[in-house]
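The values are calculated or read from the model by the stated rules, or taken from the named source; none is laboratory data. Because the structure is predicted, anything quoted here is derived from the model rather than measured. Every residue, glycine among them, receives a Cβ derived from its backbone with ideal geometry; neighbour counts consider all protein chains shown. Calculation scope for accessible area: heavy atoms of the full protein, side chains included, ligands and nucleic acids excluded. Shrake-Rupley method; radii C 1.70, N 1.55, O 1.52, S 1.80 Å.
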Amino acid sequence: MSVIKIGIIGAGSISDMHFDSYAKNPQVEIYAVCDLNQSRAEEKAIKFGAQHVMTDYHELLALEELDAVSICTWNNSHAEIAISALKADKHVLVEKPLCKTVEEAEAIQKAVNESNGKTLQVGFVRRFASNTQVLKTFIDAGDLGDIYYAKASCLRVLGNPGGWFADQERSGGGPLIDLGVHVIDLCWYLMGKPKVKSVTGNTYNKLGNRANIQNKSYYKAADFDSNKNDVEDLANTLIRFENGASLMVDVSFTLHAKEEKMEIHLFGERGGAQIEPALEIATEKHNTMLNLVPQMDSRTFDFVKGFQDEINHFVECVQGKQETISPVEDGVEIMKILTAIYDSSKTGAEIQF
Ligand SMILES: NC(=O)c1ccc[n+]([C@@H]2O[C@H](COP(=O)([O-])OP(=O)(O)OC[C@H]3O[C@@H](n4cnc5c(N)ncnc54)[C@H](O)[C@@H]3O)[C@@H](O)[C@H]2O)c1
């Protein structure tokens, strides 16, 4: 396939990573940009030389020569745009989370299955990080043995991005669907995607968005607005798998804590690993416990390289050179887990799969 033509739908904060990464890939032409906010779309189109700018994504999908789209809109429009794109015969890279509900996720999967062999890649960008891929090589070679426990904490002390992120209707939830989606997926992926047996969880709306706090900056949505906030500020979960393994996670937008925390650990019968804050492997040899520190450019998640590798992979999938490592069925499974955590929190009961 010659150079592929890409359309980007949603030209807000995270789209920068998509625009920059596509622009650096010589196999790609950024062909069209769409955003509800016309000036935002126009600004990106000018910067990246896109020929078409629009505010209605249907017009973008009607461009016959367009090969693929990135969906970088609010979570509540991922499903309808992804399904329309597949029906219009386009490949799709959709930002995480895949969508807001299991029903939407299954409808997207159906559209993929009914498409003419189109790729839908879910934007689980952390799968593409160098530390993840290096660790996966060790795991696949059996160096960790069976992984029976994983634990992740992604705790912001002040980090409710406001705007649509804080609006349940448009986001589907707070830190669980926004941050938990990444770390739950990463652990599940590296554990070998075990079948879920049951899920229990708790969510808390205790501290609000803390818009009163001064002297500390944080990530904000393109249309930042602190007036509305009806999402949780903390979530935790224990996920049990059919193979006996378990995964514990806690995530927050805000918390009375001394500092931010980003830790991801996996524990296996032959070795363990920490992925964040920096990749390190623990094992034993000749009756001695060892910590192995890989020599690499970055042992932590490199945001720019992670996105570049995600987008390069998507482009190769569009060109038919390989199959995505982040397929729709994984997005569906993660939606089932996230939904079960919210349901468990509401009912106070464990959800059986
Ligand atoms: N992979 C990551 O690490 C990561 C990081 C941040 C955000 N995200 C995801 O990216 C998506 C966007 O987040 P963001 O931070 O860029 O938000 P944002 O608010 O900064 O940008 C979203 C843009 O989408 C536009 N938009 C919304 N609905 C639209 C529609 N129907 N048609 C056209 N344009 C529409 C908005 O006008 C806005 O400009 C979300 O799904 C979010 O979860 C992923």
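Would a scan of segment 334-353 turn up a residue that is farther than 27 Å from Gly123 by Cβ, assigned to a helix (DSSP H, G or I) and either touching a residue at least 40 places away in the same chain (Cβ under 8 Å) or not acidic (Asp, Glu) (or both)?
yes
Table: residues versus (1) away from the ligand (no atom under 16 Å from the Cβ); (2) open to solvent by 40 Å² or more (accessible area, probe 1.4 Å); (3) assigned to a loop (DSSP other than H, G, I, E, B); (4) over 20 Å from Met335 (Cα atoms).
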residue	(1), (2), (3), (4)
Lys197	yes, yes, no, no
Thr203	yes, no, no, no
Gly208	yes, no, yes, yes
Arg240	yes, yes, no, no
Leu247	yes, no, no, no
Glu263	yes, yes, no, yes
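For the subset of segment 276-300 comprising residues that are touching a Ser or Thr at 6+ places or on another chain (Cβ under 8 Å) and not charged (D, E, K, R), which member is surrounded by the fewest Cβ atoms within 10 Å (Cβ to Cβ)?
Step by step, filter segment 276-300, then rank; the result is Met289.
Just a yes or no: is a residue in segment 127-139 outside any loop (DSSP other than H, G, I, E, B), under 17 Å from the mean Cα position of the chain (by Cα) and of a type in the set (Val, Ile, Thr)?
Yes, segment 127-139 has at least one match.
From the list Ala79, Ala85, which residue is more than 23 Å from Gly173 (Cα to Cα), open to solvent by less than 20 Å² (accessible area, probe 1.4 Å) and either at pLDDT below 95 or within 14 Å of the ligand (Cβ to nearest atom) (or both)?
Answer to the selection: Ala85.
Identify the single condition in (1) surrounded by fewer than 19 Cβ atoms within 10 Å (Cβ to Cβ); (2) more than 14 Å from the ligand (Cβ to nearest atom); (3) in contact (Cβ under 8 Å) with a residue 12 or more places away in the chain; (4) part of a helix (DSSP H, G or I) that Arg170 does not satisfy, given that it satisfies every other one.
Looking at each condition in turn, Arg170 falls short on (2).
Quick check on my filter: what residues within segment 50-75 are open to solvent by 50 Å² or more (accessible area, probe 1.4 Å) and either within 16 Å of the ligand (Cβ to nearest atom) or touching a Lys or Arg at 6+ places or on another chain (Cβ under 8 Å) (or both)?
Within segment 50-75, His52, Val53, Thr55, Asp56, His58, Glu59, Ala62, Glu65, Trp74 meet the criteria.
Mind checking which residues of segment 90-104 are assigned to a helix (DSSP H, G or I) and within 14 Å of the ligand (Cβ to nearest atom)?
Matches in segment 90-104: Glu104 only.
Of all residues in segment 31-49, which are touching a strand residue (DSSP E or B) at 6+ places or on another chain (Cβ under 6 Å), more than 18 Å from Val304 (Cα to Cα) and away from the ligand (no atom under 14 Å from the Cβ)?
The answer is Tyr31, and nothing else.
Mind checking whether some residue in segment 33-42 is in a strand (DSSP E or B), open to solvent by 50 Å² or more (accessible area, probe 1.4 Å) and closer than 10 Å to Gly7 by Cβ?
Within segment 33-42, not a single residue is in a strand (DSSP E or B), open to solvent by 50 Å² or more (accessible area, probe 1.4 Å) and closer than 10 Å to Gly7 by Cβ.
So, in segment 210-238, how many residues would count as being of a type in the set (Gly, Ala, Ser) and open to solvent by 80 Å² or more (accessible area, probe 1.4 Å)?
1
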